[in-house]
1. Rounded if a/c is under 1.5, else prolate if a/b beats b/c, else oblate: with a ≥ b ≥ c from the C-alpha gyration tensor eigenvalues square-rooted, which is region A:115-263?
2. Helix-derived [θ] at 222 nm for chain B: sum -39500 (n - 2.57) over DSSP H runs of at least 4, divide by residue count, nearest 500?
3. Where in region A:87-106 does the label zone of A:Leu41 land, with the point 7 angstrom along Cα→C-beta and an amide N cut-off under 12 Å?
4. How big is the equivalent ellipsoid of region A:237-341 along its three axes, where each semi-axis is √(5λ) from the Cα gyration tensor, reported in whole Å from largest to smallest?
5. Pop the C-beta distance of A:Lys136 and B:Glu583 into the FRET formula with R0 = 60 Å and round what comes out to the nearest 0.05.
6. Can you tell me the orientation of helix A:340-352 relative to chain A, as the angle in degrees between its alpha-carbon axis and the longest Cα principal axis, to the nearest 10?
7. Give me the one-decimal nm value for the distance between modelled label points at A:Ala281 and B:Leu245, 7 Å along each residue's Cα-to-Cβ direction.
8. By a straight-distance test (C-alpha under 25 Å), which lysines pair with C:Lys18 as possible cross-link partners, with residues fewer than eight away in the same chain excluded?
Amino acid sequence: MPIAIALILLVLGSVLFHLLSPWYFTPIASNWGTIDDTISLTFWVTGFVFVAVNLFMAYCVIRYRQRKGSRAAYEPENKKLEWWLTGLTAAGVVAMLAPGLLVWAKFVDVPKDAAVVEAVGKQWHWSYRFPGADGKLGTVDARYVGDKNPFGINPDDPNGQDDILVASPEVHLPIGKPVKVLLRSIDVLHDFTVAQFRVKMDLVPGLVTYIWFAPTRTGKFDLLCEELCGIGHFVMRGSVVVEEETAFKAWLGNYPTFAQTSARAAGDAAAGKPLYAVCAACHGSQAEGNPALHAPKLSGQGDWYLKRQLKSYKQGARGTHDKDVFGKMMAPMAATLADDTAIDNVSAYIKTLPDHPAPATVTGNANNGRKRYVICGACHGPDGRGVQQMNAPGLKGMSDWYLVTQLKNFKQGIRGAHPQDMYGSQMALMAAILSDDQAIDDLVAYVNTFK
Amino acid sequence: MDYVAHDASAYAPPAEVEEMELYHPKTFVGKYIWSQDAKIIAVQYAVTAIGIGLVALVLSWLMRLQLAFPNSFSFIDPSNYLQFVTQHGMIMVIYLLTALFLGGFGNYLIPLMVGARDMVFPYVNMVSYWVYLSAVLLLIASFFVPGGPTGAGWTLYPPQAILQGTPGATWGIILMLVSLALFIVGFTMGGLNYVVTVLQARTRGMTLMRMPLTIWGIFTATILALLAFPALLVSAIMMLLDATLGTSFFMPAIVSMGQQGGHAGGSPVLFQHLFWFFGHPEVYIVALPAFGIVSDLISVHARKNIFGYRMMVWAIVAIGGLSFVVWAHHMYVSGMNPYFGFFFATTTLIIAVPTAIKVYNWILTLWHGNIRLTVPMMFAIGFIFTFINGGLTGLFLGNVTVDVPLSDTMFVVAHFHMVMAIAPILVVFGAIYHWYPKITGRMLNDSLGKIHFWVTFVGSYAIYYPMHYLGFAGVPRRYYAIEGTNFIPESAQSLNVAITVAALIVGAFQVVFLYNLLWSYFRGKPSGGNPWNATTLEWQTPDTPPKHGNFGATLPVVYRWAYDYSVPGAEQDFIPQNVPPGEVTRSSART
Amino acid sequence: MSMFHQLMVKPWVTDQGKIDDLYAGGASSGLAKKLALKVFLAVVAVLFMLLVIAYGGRMAYEDWRPAPQLRLLWANTFVLILSSVALQWAQYSVRRGQMDAMRVGLLAAGAFTVVFLFGQVLAWRQLGAMVYFDVTNPAIGFFYLITGVHGLHLMGGLVAWGRTVAKVWGDFDVTKIRQSVELCTVYWHFLLLVWLVLFGLLFTGNNLDLLLKLCGIR
């Protein structure tokens, strides 16, 4: 008896939960309203069956529970009833399947006028490629992938020269236009998911897969990787900004073509030397850093990383948080660098400076730190050397006190919280793992053991 | 119609059946350790499976703790989180459920229910267990190697399974694959036994259609497993070669961590096809024995024949057959040719029909029944409820269009836990409460059983029903932490906390069950040979627990199907399968 | 009675009960072993079928590079046929009670099998020494994998063969030996058949490709 009541209560509770739940699909922002319709349809059919069958079961339990002198009926089968039930079930199944297949037929059939954009996934970042003026994407191959050519574009393919490369986790798309997203992975499986668009698809290394949709609502939407891709899976995020055509065009104009990136001259260290004079005041003439002035060591750091940080400071993506005292001091300094060329030059100069390991100042239990570093090593390299293709700066031999401050900043949301600081936000999620200051000290103590 | 007796002239004395040669051990070790008695082997399987299952239960707690209280536990980082997820899944699906249903229940029930002395090849049966045990030990060993066990997800998808950047990509994955290969070898030995025993060792009169549905379920599941596990074996071997010798079956040319990989030309999707060609039948390898067992529980405790026995058999066979042509519904968004979606959505939804029929027939068995709300019956009803819920959400995921937004979210996690974790586990519990008296000669404690039932049933519903809604809201699965998105409401976190609390409670209450098992073994009420008044042969043994050889001097002869409950005209409300037509006591009230 | 027909009966009906009562129960252990072997061979067949399907699936990719063909395999195939013939002869002899001939047949079958396995290893080494050898070429990987799995099954067969051979000297139970020989023969024929299919489809030119094209799949 209690179990029959429990069944009834669970059925009622489930229905109520469904009706009252604040957790449901986020509002749609693409043309795939039909997918939502098939879901509603499935809800109606299955919901009806759920309620009806379970209530009937509860009824049977109450009505036919054992009582004194009661005896069960003997009915091996009832063909008619069974065929009726089979038929009804089949009808319900068809009612759900048929509309589903119709929508799927649209899913497979990409509109001819769909614009093409390629999303490239690699552990644990997104980047994008737009076909340039010729409307064609160049051929690619994993063999070509390197620090200079992270997209792996075939340098000999003329179609690839004008491809526009967006080396950032954020992509913009024009509203209202169907877009076919080609999906390519450089290393492992990933999955391109924007909840508001409803559609998703895996990226498979060795293949190019696709999805298509037409954004119907402007805004900024989270892009998540939803196929397990290793330790950093949960930080492999990006965003899709849907905006008006003109804004989109302007945004796309900021990004270089493949030809431009490959032709870009390396920074001129000689030209960078005078620019560095300003920096030297704090960071030291050899860029060895100065703890007293809270200026970290720069020599030995990847120039690509220095450039990115200088640009972040210049754009206000870093050094603008109220509590980032020393970042706020750096921001105006970065502003003195006139343009990207100046940034390239000064970074090139820093690269020429000798890399002597900074003295250790942090004490902690390196042994404990080693266990924690397993996670860090996935991006920064097991030896802390830093891996450009993972967008992970070097840690080995850098100012350890600075690592501690930055880890704390990341953890407290002082760094990496700015919407434009894409890679910083990833680090913020990772720094959150470090439970307390001791954990940070242990970790940095372990980093200090790298030779 | 007169159901009680067919003409007694049809009664034939037992034919001269070749008696089986049993191995008679003399020592304790021979009897209980290197045992060739299927009943002992069954207990060995069950204890091992439940033991390793408890490890997986603890792993699930750790996972849930992280999801509810992110970054609060220093011993859970993204790396070992993935290891917990992976090992939890792998252990539960393969090492617990498959081993428990087939190795445990299969071994115990097949010989007893079909009226055989033992499995046909007792020696092979023994080896099967020891190979299984070594597979389990290898799996445990992987927790202690450098880098720990693999964290590639229970599906072990390449390329990431064997690349740096995934936990346990060096030693862990290799031990995992070798352990799986061993498991498959061990299972094949056992499986051959189960199939041949069902086909060749049934006692006189036990035709196929007189077999209890438990045997049908286990038998069909065994055939599925025999045909499906080779796919896993092949993929495990191929991945091992990719990982160790540098072949490129599944590994395309890639750049990992900024380094060019040494592979070229492999296909990750090929692995997925092979894996799911095994993986989907695997769902039914777990589900079919549960279907069979629950049918018998319901029939016995409702004192009524199972409704539509033939339909139930056909449905089991149909589901088994169909399960081989639906595998790619796990791969709708895997990047395979999207046109496959039409085919696999259709086959998948077709499988809903025989499955629904089974549900209807269970409930129609209750209808006009004489339901005894015993603990096994409560678990059976709990199973039906849970299974209906899990089956219906399967209609979401099987229908390719509906699957797309839900795939890779917590909805999937909730669905498959409902349908192939909680539902079969409820059956396992029901079955243990049901057959424990036969195994030990004592009843399990009823009050403890009821506490265990209520917490497990309601608690696990409280875990998984709300979890679907996290999936609707877009919470991805396999995520160590979901903070930092714009579209998932903050309140999702409070739901996560609630789910974790429920999971901790349900998990902890399993202690009640374990305690009951131990306590009742010594103190339980003596059960007698047939405490539930059931008809099937295992309850008709001369000794309880049955001795080696099961049936004493002569094998039973079967005169009726397994479901002669409440037969009109018979005095008692059950007629055991081995009661000859002439010996049925007629009720005096018969008109 | 066919399986299908058996599944259609209503076991609770009185008339059916009379028929069912006549079912005599489980058969001898000999039949059980035969059945077990058949079920096992079905499992093995699935294993090789999956390997061939995987091969075919991989082959469909553009960058497929076929593996070089080895003439030695023809000789090996011939030797494997001989071993099957020898076993067939052993079975023929044991059925006619000619024990000496059976012994010769058994020993010859074992010897040919060992020669075959040795030949396969030789083929492995030949391929490994070739300029075409490239471990990342899936065709070559499949060659080693498939021949390896096939060879392992033969080695398993040799264990059963060895147990039989060990029993055929001195006093022995003729029915038991006969049964063992029969089982070995079925197993060997099966593995020969598997090898012929593998060899024909995969290792003598790309006949699988031809077959798939013929069937219109590619």
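1. On the way: a/c = 1.71, a/b = 1.08, b/c = 1.58.
The shape class here is oblate.
2. Details: 16 runs with 325 residues, N = 591.
That calculation yields -19000 deg cm²/dmol at 222 nm.
3. Residues passing the 12 Å test: A:92-105.
4. On the way: eigenvalues 171, 78, 27 Å².
Semi-axis lengths for region A:237-341 are 29, 20, 12 Å.
5. Details: r = 87 Å, r/R0 = 1.44.
About 0.10, to the nearest 0.05.
6. 70
7. Spacing of the two 7 Å Cα→Cβ label points: 6.6 nm.
8. A:Lys79, B:Lys304, C:Lys10
A short reminder: the numbers here are calculations on the coordinates, not readings from a lab. On a predicted model such as this, the values are computed, not experimentally measured, just so you know. Ideal geometry is used to build each Cβ from the backbone, glycine not excepted, and the neighbour counts take in all protein chains shown.
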